[in-house]
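What follows is a short report on a single structure.
Where a number appears in this text, it was derived from the coordinates with a stated rule and is not lab data. Keep in mind it's a predicted model, so treat the numbers as computed, not measured. Cβ sites come from the backbone with ideal geometry, for glycine too, and all protein chains shown count toward neighbours.
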Amino acid sequence: MTPTYYLLLSALLFSLGAVGVLVRRNAIVVFMCVELMLNAVNLSLVTFARINGQLDGQVMAFFVMVVAAAEVVVGLTIIMAIFKTRRSASVDDSNLLKY
Amino acid sequence: MTTFLSQVERLQAPEIDYGAVAPLLIVLGAACLSVLVEAFLPKASRWAAQVVLTFATLVAAGLVLLQYAVAEGTPKQGTITFAGTVAVDQPVIFLWATLLMLGLGSVLLIADRSVEPGGAIVADASILPGAVNGLREQLRRREMQTEVFPLTLFALGGMMVFVAANDLLTMFIALEVMSLPLYLMAGLARRRRLLSQEAAVKYFLLGAFASAFFLYGVALLYGFAGSVKLADIASATTATDRSDTLLYAGFGLLIVGLLFKASVGPFHSWTPDVYQGSPTPVTAFMAACVKVAAFGGILRVLYGAFERSSWEWNGVLWAVAIASMVIGAVLGLTQTDVKRMIAYSSVAHAGFLLIGAISLNDAGLSGTMFYLLAYGFTTIAAFGVVSLVRNADGEATHLSQWAGLAKRSPVAAGVFTFLLLALAGLPLTSGFVGKFAVFAAAIEAGLTPLVVVALVASAVAAFFYLRVIVLMYFSEPAADGPTVSVPGAFTAIAITLGAAITLVLGVYPPDVLEWAGAGVFIF
């Protein structure tokens, strides 16, 4: 099977994630969509590693996983803090800062 | 299997030039130490220990860097270490020194406990704003969440790696190391907890979104060049057998991520909200240090990897620079909050800086770096003054509350006027010299139309700076207006330092300009 299909799949997943960030309202779901984007990138990295016949891309995917894990820690902390305050994780409710 | 094992045996640990990266190791090592202080020291003694540790770290890192920069054995062009992932050359030394100095200024503001009793940082971030007596509890307690110090050090370490990163993976890791602490720091304000938490959520979600773009750009460029080293990408752009689609898409996504961090033009939407909601000292840290780091990264990527393909992309960055200047200048006019006004001013400044970055000549490099240094100190001092103007509810940031401030405190109004003039770019301030250096480089590079737009934008932006000055001097103070607190030693030092450097660089810039132009990037 040609690796190009995996690149297309990765681009599709990335776009799905990006659209999700833009249209979803719950901060947790928005955050999950960002994670989907990161994992779509991992698929690209591994596919390019395969195409180039190197290991570099696979190693990079590991780095990305670690970063994504760290991001979850920070992100959920922030979202939980604001949820405890507002009893809502909707990004539409965070509307005090404007103009 | 045997071939794999034989490859493993041949793998050798890379050489590390410890002398060159010592400032980096000191800052990141002290950040880890600072976490331990947080874990093992009793709450009462943490603030003093953290402040001493943080200042000692920044000073030590600065001295080690100075020693390295002037030592005999230091290679003048610079050195590449950590298996080619970190480059320490003259621009990196300049940017590291800038980051350490601006970091010191910001930490002075963060550590201050005199202006707001207990400091601008919340006593305990987990106390709910809505809880019974929650707010009063926060105001009564005289300590702060001292985790802000390790977070600052980690962010600063990430910024230092970011400007020195010689491949895109290192740059991505550094981007996250610098951003993740900042997301948390944005949510630590003692007063107006809801605004602060909202700023943190907005910054985090948008920042993570932008990081994902940056990362996808890295992946596509890896597919394009077969490597993420800047030098390899540069040589791949001159080859004819590569996919242009991957190059353009990769560059576009990468640069979106970088421009977001630098709060340039159409990618600025987080900036006003986060600047307004964050605790003012943290805003100062973001406005000064993140700007330096992000533009350091942009300069490095443009010069290192994409200089030879510049005719492919410079049209896009022209448009971005114009958009940034126009958005910053025009929307700045409509602001009624001082912090938001400075945020839009920073968007306009990001546009000016981008002009310097896309000049792609030596003068552009040194001019942009000088501009970053000058702008950073002016902003830190400006936010320092903003933190002094207070009423019973904390900082009075609404512009109407600043009416007649000169009658209440001529000194604060005078300093702020000087800083606003520097932001506007009037002669005898560092802002003028920075703009002059950047615009001269841009004209040399044939970007005259951009410079014309920049001058118009500067004139428009000058209007909203002058409006604040007029308001402070020629309006009657409101009866229940804010008072200007007498700053404690830390804030006073930070403001004096920022204002003094703004003045010195405006009156006598040659030495620093020469230092900024001491060398070019190596890859």
So, with points 7 Å from each Cα along the Cβ direction, the B:V470-A:Q58 label distance in nm works out to 6.7 nm
Fewest to most Cβ atoms within 10 Å: B:R467, B:R300 sort as B:R467, B:R300
Footprinting proxy, B:C289, B:C32: sorted fewest to most Cβ within 10 Å, the residues are B:C32, B:C289
With B:S359 itself left out, Lys, Arg at +1 and Asp, Glu at -1 over residues whose Cβ is under 12 Å from its Cβ give -3
Sorted by chain and then number, the residues having a modelled amide H within less than 5 Å of the amide H of B:V86, at least 5 places away or on another chain, are B:T81, B:N166
Computed from every Cα-Cα pair in chain A, P(r) in 10 Å bins starting at 0 and rounded to whole percents is 15, 36, 28, 15, 6, 0
Per-residue Cβ contact counts at 10 Å, fewest first, order A:R24, B:R390 as A:R24, B:R390
For the protein assembly as shown, the Debye formula with one identical point scatterer on each Cα and no solvent gives log10 I(q)/I(0) at q = 0.05, 0.07, 0.09 Å⁻¹ as -0.20, -0.41, -0.69
Computed curve, the stretch B:22-181, Cα-only Debye sum without solvent term, log₁₀ I(q)/I(0) at 0.12, 0.17, 0.20 Å⁻¹, is -0.59, -0.99, -1.23
From the cross-link list A:K98/B:K43; B:K339/B:K407; B:K261/B:K435; B:K76/B:K202; B:K43/B:K407; B:K261/B:K407, the entries with a Cα-Cα span beyond 32 Å are A:K98/B:K43; B:K76/B:K202; B:K43/B:K407; B:K261/B:K407
Computed ³J(HN,Hα) along the stretch B:241-257: with the Karplus parameters 6.51/-1.76/1.60, θ = phi - 60°, integer Hz and x for glycine or proline, the list is 9, 9, 7, 5, 4, 4, 4, 5, 4, x, 4, x, 5, 4, 6, 4, x
Here, B:H398 and B:D124, labelled 7 Å along Cα→Cβ, have an inter-label distance in nm of 3.2 nm
Taking R0 as 22 Å and r as the Cβ-Cβ distance between A:V72 and A:L8, the FRET efficiency 1/(1 + (r/R0)^6), rounded to the nearest 0.05, comes to 0.20
Karplus ³J(HN,Hα) for the stretch A:52-63 (6.51 cos²θ - 1.76 cosθ + 1.60, θ = phi - 60°; Hz, whole; x = Gly/Pro) runs 7, x, 10, 9, 3, x, 5, 4, 4, 4, 5, 4
Per the 1/(1 + (r/R0)^6) rule, R0 = 25 Å and r from the Cβ atoms of B:D511 and B:F55, FRET efficiency to 0.05 is 0.45
extent check for chain B: Cα max minus min per principal axis, descending, whole Å, gives 79, 57, 45
